[in-house]
Amino acid sequence: MTPEEVFLAVARGVSNREYDNLHELYAEQTDVRHPMNPFGDRPLLSRQALREHFASARSLVGDVVRFEPVNVRIHHTCDPEVIVAEFEYAGTVAASGAPFSVPGIFVLRVRDGLIVESRDYIDHVAMMRARGQVEKLIDVLREPAGAPAAS
């Protein structure tokens, strides 16, 4: 798969809740980071770490929201392994039907059809609002600086 095809597989897989298979899009040794995560950026450095990450997403998202990637723009770089993908997750809150939009930018390095490096810049706060989990964020922000972040 090309880097663009891999990105689309990840974005669609997340929105379709295909959590059991998403880790297969990543190399055995990888470096995935979420620099904008308000709970802290914990690098995911292996396919197994990604498997656990996606398994935990199932409980966070549940049936609370439905969304899909829209407004996808892929920017190719001078390095054929690297793309920058701009997009939004657009969806609705299941309980109210209220619409929401979560912007994101992924910088991916794909080698031999697998992600070896990714920087995922996503508006975590917007997604938390849509999922009704803002109180969880507020609790973390009340912790003293340097305290271990909750996940």
Just how much of Asp20 is accessible, in Å², when a 1.4 Å probe is used and the result is rounded to the nearest 10?
110
Can you give me the long-range amide H partners of Tyr26? Hydrogens built in the peptide plane at 1.01 Å from N, cutoff under 5 Å, separation of 5 or more residues or another chain.
Ile115
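Once R0 is set to 22 Å, what does the formula 1/(1 + (r/R0)^6) return for the Cβ-Cβ distance between Ala49 and Asp112, expressed as a FRET efficiency to the nearest 0.05?
Numbers: r = 20 Å, r/R0 = 0.89.
Computed FRET efficiency for Ala49 and Asp112: 0.65.
Using the heavy atoms of the protein chains alone and a 1.4 angstrom probe, what is the accessible area of the chain per residue in square angstrom? Don't skip to the end; give the middle numbers.
Values: 8250 Å² over 151 residues.
On a per-residue basis, 55 Å².
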Pull out the extension gain between Asp123 and Asp63, defined as 0.36 nm times the separation in residues minus the alpha carbon to alpha carbon distance; nm, one decimal.
19.6 nm
Computed from the coordinates I sent, mean projected area of the Cα convex hull in nm² equals one of (i) 8.9; (ii) 10.8; (iii) 7.8. Tell me the label.
(i)
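Quick one: order Ile138, Ile115 from most to least accessible surface, probe 1.4 Å.
Values: Ile138 55, Ile115 0 Å².
Ranked from most to least accessible, the order is Ile138, Ile115.
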Of the candidates Ala90, Ala57, Ala27, which one comes out as most mobile in a Gaussian network treatment of the chain with C-alpha springs shorter than 10 Å?
Ala57
Theoretical FRET efficiency, 1/(1+(r/R0)^6), r = Cβ-Cβ of Val82 and Glu28, R0 35 Å, to 0.05
0.95
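Only helical DSSP H runs with n ≥ 4 go in: add -39500 (n - 2.57) per run for the chain, normalise by residue count and round the 222 nm mean residue ellipticity to 500 deg cm²/dmol.
Roughly -9000 deg cm²/dmol at 222 nm, from the helical runs in the chain.
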Per-pair calculated FRET efficiency, R0 = 30 Å: Ala95 and Arg42 via Cβ, rounded to 0.05:
0.50
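The values are calculated or read from the model by the stated rules, or taken from the named source; none is laboratory data. Quick caveat, the model's predicted, so the values are computed rather than measured. Glycine gets a Cβ as well: all are built from the backbone with ideal geometry, and neighbour counts include every protein chain shown. Calculation scope for accessible area: heavy atoms of the full protein, side chains included, ligands and nucleic acids excluded. Shrake-Rupley method; radii C 1.70, N 1.55, O 1.52, S 1.80 Å.
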